[in-house]
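The values are calculated or read from the model by the stated rules, or taken from the named source; none is laboratory data. None of the values given here were measured: they were computed from a predicted structure. Here Cβ is always computed from backbone atoms with ideal geometry, including for glycine, and neighbour counts include all displayed protein chains.
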Amino acid sequence: MNIDLPQHLPNETILINDVMKVENGILKLQFPMNFHDCMYALTYYMKGNERCSYCSKTFPKEKITLDHFIPQNFGGPTIPNNLFPACKNCNLEKTNMLKPFYDNYLSLPTRGEKKQFLSDFQQIAHFLHRWYGFSFIKDWVEEKEINHIIVNISLNGSYKGKKYKKIKNYYKEYQHFQKPLILDHKNFLLDGFNALMFAKDNGIIEVPVIVLENVEVIF
């Protein structure tokens with residue numbers, strides 16, 4: 001898939017920050033970089049940081065965050081296609097709900113009904129995790145053998161921390177990964193190191209990935 005990029009004239013280079021630029025329709029990321037920070041900076045650059053996408057109100061820049069339209073716990077990736085400016089209140093209120101559920105939540109007239117809805121949603125979420133997997137982003141996801149994924153990360157100490165254990169527990173319960181790994185068009189790993197290591201440790205040959213065809217890591 002291609003991620004959303006700023007519009008530009010042919011042969012024009014857009015500098016976004018000191019590790020990121022758009023050149024000939026390709027987003028080039030200078031290694032080393034923090035992929036999530038780059039995606040946040042790119043999204044703010046394209047979509048602004050003053051108006052909430054949900055309540056449509058304007059706010060000071062420090063009051064605007066970025067919300068994953070498809071929540072991360074349903075596989076939603078941290079890329080501009082899935083990130084939208086949101087005020088802190090809307091972002092907090094939406095929590096891990098998918099947009100149709102959030103719309104239903106907002107339509108409820110009383111605080112008690114909203115509280116009950118949130119409780120019910122957690123049961124629904126458990127069902128969705130078990131049976132739907134990546135169906136919400138199925139057009140973005142493919143399977144790839146882990147020996148085709150390129151990694152350039154130095155291991156200093158154990159990688160089996162909280163993130164690794166969270167992946168382990170989720171996989172044990174649902175028998176699939178919660179989020180796909182993110183790769184550039186050359187299969188360089190951008191996001192999902194702990195998931196990749198879990199797969200290696202447990203003899204999992206293929207993992208779900210999103211390949212960003214218009215993104216390239218440069219060294």
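Side notes on the structure shown:
- Region 133-143, subset surrounded by 13 or more Cβ atoms within 10 Å (Cβ to Cβ) and out of contact with any Pro (no Cβ under 8 Å at 6 or more places or on another chain), residue farthest from residue 177 (Cα to Cα): 136
- Among residues of region 35-61 that are in contact (Cβ under 8 Å) with a residue 12 or more places away in the chain, those with a Cβ under 6 angstrom from a residue that is surrounded by fewer than 14 Cβ atoms within 10 Å (Cβ to Cβ), sequence gap 6+ or separate chain, pair up as 41/17; 46/6; 49/61; 50/58; 51/58.
- Within region 152-164, considering residues that are surrounded by 12 or more Cβ atoms within 10 Å (Cβ to Cβ) and under 19 Å from the mean Cα position of the chain (by Cα), the one modelled with the lowest pLDDT: 163
- Where a residue in region 10-33 is farther than 15 Å from residue 213 by Cβ and its partner, wherever it lies, is loosely packed, with under 11 Cβ neighbours inside 10 Å and of a type in the set (Asp, Glu), with Cβ under 8 Å and at least six apart: 30/18
- Any chance residue 93 is touching a Pro at 6+ places or on another chain (Cβ under 9 Å) and surrounded by fewer than 19 Cβ atoms within 10 Å (Cβ to Cβ): no
- Of everything listed in (1) within 25 Å of residue 82 (Cα to Cα); (2) surrounded by fewer than 14 Cβ atoms within 10 Å (Cβ to Cβ); (3) not small (Gly, Ala, Ser), the single unmet condition for residue 207 is (2).
- Candidate set: region 201-219, residues that are assigned to a strand (DSSP E or B) and among the β-branched types (Val, Ile, Thr); chosen: the one farthest from residue 39 (Cα to Cα): 207
- The single residue among 144, 172 that is among the basic types (Lys, Arg) and more than 21 Å from the chain's Cα centre (by Cα) turns out to be 172.
- Residue among 3, 14 that is within 19 Å of residue 189 (Cβ to Cβ), in contact with a strand residue (DSSP E or B) (Cβ under 9 Å, 6 or more places away or on another chain) and surrounded by 15 or more Cβ atoms within 10 Å (Cβ to Cβ): 3
- In region 13-52, the residues that are at pLDDT below 95 and of a type in the set (Gly, Ala, Ser): 25, 48
- Yes/no for residue 75 being under 30 Å from residue 131 (Cα atoms) and surrounded by 13 or more Cβ atoms within 10 Å (Cβ to Cβ): yes
- Hits in region 29-68 - residues which are outside any loop (DSSP other than H, G, I, E, B), surrounded by fewer than 18 Cβ atoms within 10 Å (Cβ to Cβ) and of a type in the set (D, E, K, R): 37, 47, 51, 61, 62, 63
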